[in-house]
Amino acid sequence: MENAVVVNVLRGEGYRYCQTNLAEAGIYYKYYQEGFHIVMAVDLSGGNRFSVQQYRSMEEHAMDLFYHPQGRLGDFPDGFPVYHVEMLTLLIGGDSEVERKLCAECRNVWVYQPQSGRLLIYENQPGDFFGLRRALEQGAGGGGWAGTSRQGAGTGGWRETPRQSAGGGGWTETSRQGAGAAYASAQNTAKNRLGILWKNIRAEYVTIALVAVNVITYLVLEWLGDTTNGFFMAEHGAMYPDFIRINHEWWRIITAGFLHFGAVHLVNNMVILYCMGSRLERVTGHLKYFLIYLVSLIGAGMLSYGMMLRTGDYAVSAGASGAIFGVIGGFLWIVILHRGRFEQITTRGIVMMIVLTIYYGFSSAGIDNWGHIGGLLAGFAATVILYHRNRQKY
């Protein structure tokens, strides 16, 4: 990446160049408050084209370098802690189709057009990156004028807010749109936001479906009776050892995972399921995610059933928490596979969450701890088998 304006701006802001084996990109960094700010400048003007998957592999490579800089970053002193890495990608010129796709599906991506000196920021992207936007605008203007546009993540047109100045004259002018243009711009913005929403739904529809099934099941049972009553729940599919041991009703292992004791139990589980499940589904894909969830659900029910038989401490068991622990276990493997960090989640952070949750369960009454552990182990094992990190090199 050789663009004089961008290089001068970055160096003026205190960024240093990092030599890597990424031929398509130049990486600039600065150490700030026990972490790094990184700018990956990707030159598309030479006709470089790559997929979202290839870009994410490049991003992962860059992030990994700065989370583990000792011995890999020549001038970085030993013993300095690195707790966070913030990264911005700057696409320079090139193919508008590649730009739109990356900006729509990835985060922290800006576009710089060297011909016009314009910085383009999509509406779903951050408006600034530690003051770099202003520096790029001023640097691109070269003392005359600099423009910044924001675009929706879909295929709608640009909604521009050009800013002009006459240098020392000190006057500014902001373009104003007529009522018709403003209405059209609002329509484009609404379409773009609907497009982003639809993409998110498509990316995590299995998680959304699982949440919907749990909520609908709860509402139906609450209408039929009392979901906080153990006898009522056992009558409608909750797991109780004797139903399986004597009546061989093994289907209860699965149905119990979609029943909840009251609204609080349901809401707590569904919030965690959506937050963690949607992430895991985006990484592993829909089918693998569903298999991981199903295996976790069965693993949780089987260990819970087995431990009740062994201890003689029988109870009516229900809830999605065992499968949710499996989702967390799956994400633990993904973080480990990506060398300790993935999407702002670290191995240390997720292990601490697991330990604290299990400790809380064992120190509290009425929680199926063995179901949680069974789901965690089953989900971890299933993800190890089903998910393999992309090792494509650039």
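The values are calculated or read from the model by the stated rules, or taken from the named source; none is laboratory data. Note that this is a predicted model, so its numbers are computed, not measured. Heads up, the Cβs are rebuilt from the backbone with ideal geometry, glycines too, and the neighbour counts pull from every protein chain shown. For accessibility, only protein heavy atoms count, side chains too; no ligands or nucleic acids. Shrake-Rupley method; radii C 1.70, N 1.55, O 1.52, S 1.80 Å.
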Residue satisfying all of: in segment 295-317; within 29 Å of the chain's Cα centre (by Cα) and of a type in the set (A, V, I, L, M); farthest from residue 285 (Cα to Cα) among these
300
Identify, please: which residue in segment 357-394 is outside any loop (DSSP other than H, G, I, E, B) and hydroxyl-bearing (Ser, Thr, Tyr) and is, among those, modelled with the lowest pLDDT?
360
Under 7 Å by Cβ, and 6 or more places apart or on different chains, what pairs join a residue from segment 22-37 that is under 20 Å from residue 92 (Cβ atoms) with one that is at pLDDT below 75 and surrounded by 18 or more Cβ atoms within 10 Å (Cβ to Cβ)?
25/1; 26/1
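Taking only segment 255-274 into account, find how many residues are in a helix (DSSP H, G or I) and either in contact with a Leu (Cβ under 6 Å, 6 or more places away or on another chain) or open to solvent by 70 Å² or more (accessible area, probe 1.4 Å) (or both).
Result for segment 255-274: 7.
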Surrounded by 16 or more Cβ atoms within 10 Å (Cβ to Cβ), more than 13 Å from residue 39 (Cβ to Cβ) and of a type in the set (Phe, Trp, Tyr): is that true of residue 112 in this structure?
no
Is there a residue in segment 278-298 that is of a type in the set (Gly, Ala, Ser), out of contact with any Pro (no Cβ under 8 Å at 6 or more places or on another chain) and closer than 25 Å to residue 107 by Cα?
yes
Give segment 292-319 a look and list any residue that's surrounded by fewer than 16 Cβ atoms within 10 Å (Cβ to Cβ), hydrophobic (A, V, I, L, M, F, W, C) and part of a helix (DSSP H, G or I), or say none.
309
Would you please list the contacts, defined by Cβ atoms under 8 Å and residues six or more apart or on different chains, that run from a residue in segment 220-232 that is closer than 14 Å to residue 318 by Cα to a residue that is of a type in the set (Gly, Ala, Ser) and assigned to a helix (DSSP H, G or I)?
227/262; 228/262
Residue that is nearest to residue 377 (Cα to Cα) [pool: residues in segment 338-353 that are assigned to a helix (DSSP H, G or I) and within 16 Å of the chain's Cα centre (by Cα)]:
350
Scanning segment 1-48 for residues that are in contact with a Gly (Cβ under 6 Å, 6 or more places away or on another chain) and aliphatic (A, V, I, L, M), which turns out modelled with the lowest pLDDT?
1
Find all pairs meeting these conditions: Cβ atoms under 7 angstrom apart; at least six residues apart or on different chains; first residue within segment 238-263 and more than 12 Å from residue 322 (Cβ to Cβ); second residue aromatic (Phe, Trp, Tyr) and in a helix (DSSP H, G or I).
241/305; 244/305; 249/243; 252/243; 260/218
